[in-house]
Amino acid sequence: MTVTYTSSVSTSSVVSNFLGLLLRWRGSIYKLVWHDLLAFMGLYFLLAVAYRFLMNEHGKKLFENISEYCTRNVGLIPLSFVMGFYVSIVMTRWWAQYSTIPWPDPVAILVSSNLHGYDDRARAMRRTILRYVCLCQVIVFSMISPRVKRRFPNYDQFIEAGFLLENEKTIIENLDGAFPKYPKHWMPIVWAASIVMRARSENKIRDDYAVKTIIDELNKFRGYCGFLLYYDWVSVPMVYTQVVTLAVYSFFLFTILGQQWTQNERSHIGESVVKWFPFLTILQFFFYMGWLKVAEVLINPFGEDDDDFELNWIIDRNITISYFVVDEMHQEHPELVKDQYWDEVFPNELPYKQHQMRSGPPEASTAHIDTESKSKDKKKGSVTTMSIGSEHSNVSTRSNRSRHRRLTPSFVPGPSTSGSFTDSFLLSIGQSRVAFSDTIIGSEQEHLGTESQDTMDFNELIEQRRRERRDRLRHRFMDMRQGTTRHASSGAPYRITVLHPPSDEAVGQEEADGDGSQGTIKGPPSKKPSATEKKPDEEK
């Protein structure tokens with residue numbers, strides 16, 4: 001199973017929690033590279049001892065020339081570029097493989113909610129469908145994972161675990177003998193689809209759309225299982241893996257020679273440290289070799305490494321959850337009761353155990369940015385005051401219609417085709433960006449008393465809006481029965497209903513019925529041809 005450490009680094013403290021991760025062994029870089037690191041250090045110190053104590057002058061001269069050549073040309077290997085691109089491909093492939101692992105939960109929920117019945121046959125249908133779904137997954141896992149293969153080496157272990165029955169084993173073995181070249185992981189899905197169709201014919205599934213939805217989900221599950229096999233069959237091209245492996249090992253082979261301490265004249269300040277221990281060379285090997293080992297671990301996440309996926313746990317979990325959903329929880333739910341926010345409709349504020357944990361809503365990125373108009377007001381305050389005075393003189397000479405900002409009714413000659421408030425009322429605001437001083441506000445308040453009869457009360461606007469809505473709904477209802485399309489002055493089409501007057505007989509009958517039974521809702525009077533109307537045959 002992939003080593004999880006997110007709980008240890010949920011909060012970054014003063015002493016970083018990531019430093020504590022360096023002390024872990026399982027899934028660590030130390031566990032991956034320690035044997036390669038020991039081999040590298042052993043070979044490095046072996047050459048150092050041979051150069052200092054075992055070689056003659058001619059041998060030392062030759063060794064110094066080789067070391068000089070390796071130091072100058074080791075940079076010709078583009079190790080960072082090759083390793084970075086390769087690890088990026090492997091990491092993307094690793095997460096895509098995990099995302100491809102199918103889960104039977106959607107199939108279980110669909111089967112539990114659409115395959116009805118509490119009898120043994122309906123229960124057997126639900127459980128068998130999910131057993132076949134899990135069987136398909138186990139067959140695929142046994143083909144790609146060594147751990148699962150050792151757990152289920154043959155069909156007898158499938159029967160022992162409850163995924164397969166004897167008669168089903170016989171069918172699969174017969175087809176394996178007839179068609180030995182192709183996998184049979186899709187067969188349980190075909191059986192599950194047949195059971196779904198049988199449940200529909202027995203009316204245990206009550207509509208065809210539910211059948212289609214379940215079968216689509218079964219096909220989706222089968223497709224994911226097939227993709228897992230494709231990932232197992234088609235890996236990262238072996239040529240690329242060989243290039244990366246050769247680049248890393250050849251780079252450090254030249255590093256062993258090029259980073260040796262020698263007595264030639266190329267020695268610079270600080271190279272005397274290398275005489276005793278190559279600190280930076282060891283770190284360089286640790287990082288690059290660790291990078292390569294990460295790619296080697298993740299290239300097959302269904303193996304037996306520490307960071308590989310635990311498929312055996314997934315198998316146990318899926319069969320348990322599947323039976324639990326389709327059997328124990330079949331059409332069961334808690335009692336329906338009113339929630340605690342029933343009267344409030346929605347909560348204004350949810351409780352916190354610790355009040356200091358409460359936080360406000362996130363702010364927009366432009367919440368604290370000064371607008372252009374505010375900056376101009378700060379820079380040109382005197383100019384703005386002068387414009388206010390001139391505006392005051394203009395406002396005092398305006399007419400009553402344009403001096404006050406008010407809501408004026410604009411009635412449409414027909415029912416509105418939209419539900420917005422602006423269909424019936426337009427806002428007359430006059431000139432834009434008008435700045436008012438205190439004297440202007442006082443003059444405006446004086447005019448409010450003299451012109452209150454010209455200003456429409458807001459409650460009256462609300463009532464007008466309600467009347468318009470009722471008229472619009474009435475017109476829409478009548479348009480469904482009979483109507484004529486007209487066009488308003490703005491060009492918007494609308495429909496009006498032309499009601500024909502009822503005949504005298506219908507009016508008399510309605511009055512008689514109203515006197516006899518008051519309070520009874522009558523339907524619209526039936527339309528009868530009047531005496532003056534002519535039938536088509538009479539006109540001819």
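The values are calculated or read from the model by the stated rules, or taken from the named source; none is laboratory data. It should be emphasised that the depicted structure is a prediction, and the values quoted were computed from it without experimental measurement. Please note: Cβ atoms are built from the backbone with ideal geometry, for glycine as well, and neighbour counts cover all protein chains shown. Side chains included, ligands, DNA and RNA excluded: accessible areas come from the protein's heavy atoms. Shrake-Rupley method; radii C 1.70, N 1.55, O 1.52, S 1.80 Å.
Its Cα gyration tensor gives the range 118-233 an equivalent ellipsoid; the semi-axes, largest first and in whole Å, are 26, 17, 13. Taking the convex hull of the alpha carbon positions in the range 67-166 and averaging its projected area over all directions gives 10.7 nm². Here the range 159-217 is described by how far its Cα atoms reach on the three principal axes: 39, 25, 18 Å, from widest to narrowest.
Computing FRET efficiency as 1/(1 + (r/R0)^6) for E335 and S359, where r is the C-beta to C-beta distance and R0 is 35 Å, gives about 0.50. Of the whole protein surface, V138 contributes about 0 Å² of accessible area at a 1.4 Å probe radius. A simple spin-label model places the labels of D343 and E68 9.5 nm from each other, with each point 7 Å out along Cα-to-Cβ. In the range 122-149, which residues have a backbone nitrogen under 20 Å from the label point lying 7 Å from E202's Cα in the Cα-to-Cβ direction? Within reach of a label on E202: 122-134. The simple Förster model, with R0 at 60 Å and r as the Cβ-Cβ distance, assigns V49 and N154 a FRET efficiency of 0.60. Of H333, H185, the residue with the largest accessible area leads and the full order is H333, H185 (1.4 Å probe).
Here K212 sits with roughly 120 square angstrom of accessible surface, probe radius 1.4 Å. Summary value for the range 1-135: 11 percent relative contact order, contacts being C-alpha pairs under 8 angstrom separated by 6+ residues. Considering Cα pairs under 8 angstrom that are at least six residues apart, work out the relative contact order of the range 118-233 and quote it in whole percent. It rounds to 36 percent for the range 118-233.
Remark: spin-label model distance K184-V234 equals 2.7 nm, labels positioned 7 Å along the Cα→Cβ axis. Within the full protein context, the accessible area of E166 is estimated at about 110 Å² for a probe radius of 1.4 Å. If you sort R467, R26 by accessible surface, 1.4 Å probe, largest first, the order is R26, R467.
Heavy atoms of the protein chains alone define the surface here; on that basis the range 118-233 has 54 Å² accessible area per residue at 1.4 Å probe size.
On full extension, the segment bounded by L280 and Y249 gains 9.4 nm, given 0.36 nm per residue less the C-alpha separation.
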